[in-house]
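Peer 1: Quick one: this structure, given as structure tokens, is what I'll be asking you about.
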Amino acid sequence: MTMPIAMADSNDDIPTNATNTGVHDSLVAALAQVDLVTTLQGQGPFTVFAPKDQAFADAGIDLSTFDTDEENATLVDILLYHVYSGAVYASDVTDGLVVEMVNGDNAMFTVTDGTVMIEDATVSAADVLASKGVNNVIDKVLMPQVPFSGIGICYNTATH
């Protein structure tokens, strides 16, 4: 069953906007746990690709297990991979567009038959305006890229 997403007041900041949807409790709790709420209430504009609560459950993210500094640093990296410093509106997105997220990793959009995806997450509601930016609702938690350790075998002979 799909839950309706309340369209929040565009005068609200991004975390308040997410709180008012009724389907972003996990996101808001995660932001609070690692003290990123005030960051997203800052100068902006920011674009947040906001996973629904079910996305956190599907990803196996249980906030009660993030209780060490290292685990919370991982959570910060995951959350900042959902934030772009600037405004990305639906009308700005083209197939193949790549943006650098706040955590420093790049994320790529695909547009196919009117469906917009960022990495492997589908955008289900776009351009939910907030006073400091915009929320775009997605159906999965984006996972940051794992740094290459230099160990392993690459079978792509076209690039090497």
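Peer 1: Among the residues of the stretch 130-160, which ones are hydrophobic (A, V, I, L, M, F, W, C), under 20 Å from Leu75 (Cβ atoms) and at pLDDT below 85?
Peer 2: The answer is Val146, and nothing else.
Peer 1: What is the number of the single condition among (1) in contact (Cβ under 8 Å) with a residue 24 or more places away in the chain; (2) open to solvent by 70 Å² or more (accessible area, probe 1.4 Å); (3) among the small types (Gly, Ala, Ser) that Ala55 does not meet?
Peer 2: That leaves (2) as the condition not met.
Peer 1: Considering the stretch 49-74 alone, what residues qualify as being more than 27 Å from Met108 (Cα to Cα) and modelled with pLDDT of 95 or more?
Peer 2: None; the set is empty.
Peer 1: Any idea which of (1) within 14 Å of the chain's Cα centre (by Cα); (2) under 13 Å from Val134 (Cβ atoms); (3) not polar (S, T, N, Q) is the one Pro51 doesn't satisfy?
Peer 2: (2)
Peer 1: When the residues of the stretch 63-93 are narrowed to those that are of a type in the set (Asp, Glu) and open to solvent by 70 Å² or more (accessible area, probe 1.4 Å), which ends up nearest to the chain's Cα centre (by Cα)?
Peer 2: Here the residue is Asp92.
Peer 1: Restricting attention to strands (runs of 3 or more DSSP E) lying wholly within the stretch 1-114, give those where 1 or more residues are of a type in the set (Ser, Thr, Tyr).
Peer 2: The qualifying strands (runs of 3 or more DSSP E) are 46-51, 83-85, 106-112.
Peer 1: For the stretch 100-129, which residues satisfy the criterion of being touching a Gly at 6+ places or on another chain (Cβ under 8 Å) and open to solvent by less than 30 Å² (accessible area, probe 1.4 Å)?
Peer 2: Selection gives Phe109 alone.
Peer 1: Looking at the stretch 102-132 only, could you name the residues that are in contact with a helix residue (DSSP H, G or I) (Cβ under 7 Å, 6 or more places away or on another chain) and among the small types (Gly, Ala, Ser)?
Peer 2: Ala126, Ala130
The values are calculated or read from the model by the stated rules, or taken from the named source; none is laboratory data. Note that the structure is a prediction, hence the values are computed from the model and not measured. Cβ atoms come from the backbone with ideal geometry, glycine included; neighbour counts cover every protein chain shown. Heads up: the accessible areas ignore ligands, DNA and RNA and are worked out on the full protein's heavy atoms, side chains in. Shrake-Rupley method; radii C 1.70, N 1.55, O 1.52, S 1.80 Å.
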